[in-house]
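The values are calculated or read from the model by the stated rules, or taken from the named source; none is laboratory data. Since this is a predicted model, take the numbers as computed values, not measurements. As a convention, Cβ positions derive from the backbone with ideal geometry for all residues, glycine included, and neighbour counts pool all protein chains shown. The accessibility values were calculated without ligands, DNA or RNA, using every heavy atom of the protein model including side chains. Shrake-Rupley method; radii C 1.70, N 1.55, O 1.52, S 1.80 Å.
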Amino acid sequence: MAAAARNVANLALVRDIVKAVSFYRKALEAEPEHVETARLLGHALILLGDLKGAEASLSLSLSMARVQDDLWGEMAAQGGLGDVFLRTGV
């Protein structure tokens, strides 16, 4: 179920960011410790302009990646957080 929701979200990114965010959230509900889904949600939220939500989602992805010893996931989440900080001027 989580994989199906992620696939719909990935397809929706092309035309409907709001729909993509909705399906990433559904995927994260189904699989709450999925590092990549939290990161993808964060990036979609950046596109939507919800920088606080993006920061929260990317921070969650970062903390989960650290717990899971996922070095690639950790670096990807840090890159996303960098995007948020650039846009907020922090």
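Restricting to region 45-56, give me the number of residues that are within 11 Å of L81 (Cβ to Cβ) and open to solvent by less than 10 Å² (accessible area, probe 1.4 Å). Total meeting the criteria: 1.
Please specify each residue of region 3-41 satisfying the condition of being of a type outside the set (S, T, Y), assigned to a helix (DSSP H, G or I) and in contact with a Ser or Thr (Cβ under 7 Å, 6 or more places away or on another chain).
R6, A27, L28, V35, A38, R39, L41
The residue that is nearest to F85 (Cα to Cα), among those in region 31-44 that are open to solvent by 50 Å² or more (accessible area, probe 1.4 Å) and touching a residue at least 24 places away in the same chain (Cβ under 8 Å), is H43. Scanning region 9-21 for residues that are without any contact (Cβ under 8 Å) to a residue 24 or more places away in the chain and crowded, with 16+ Cβ neighbours inside 10 Å turns up just one, A12.
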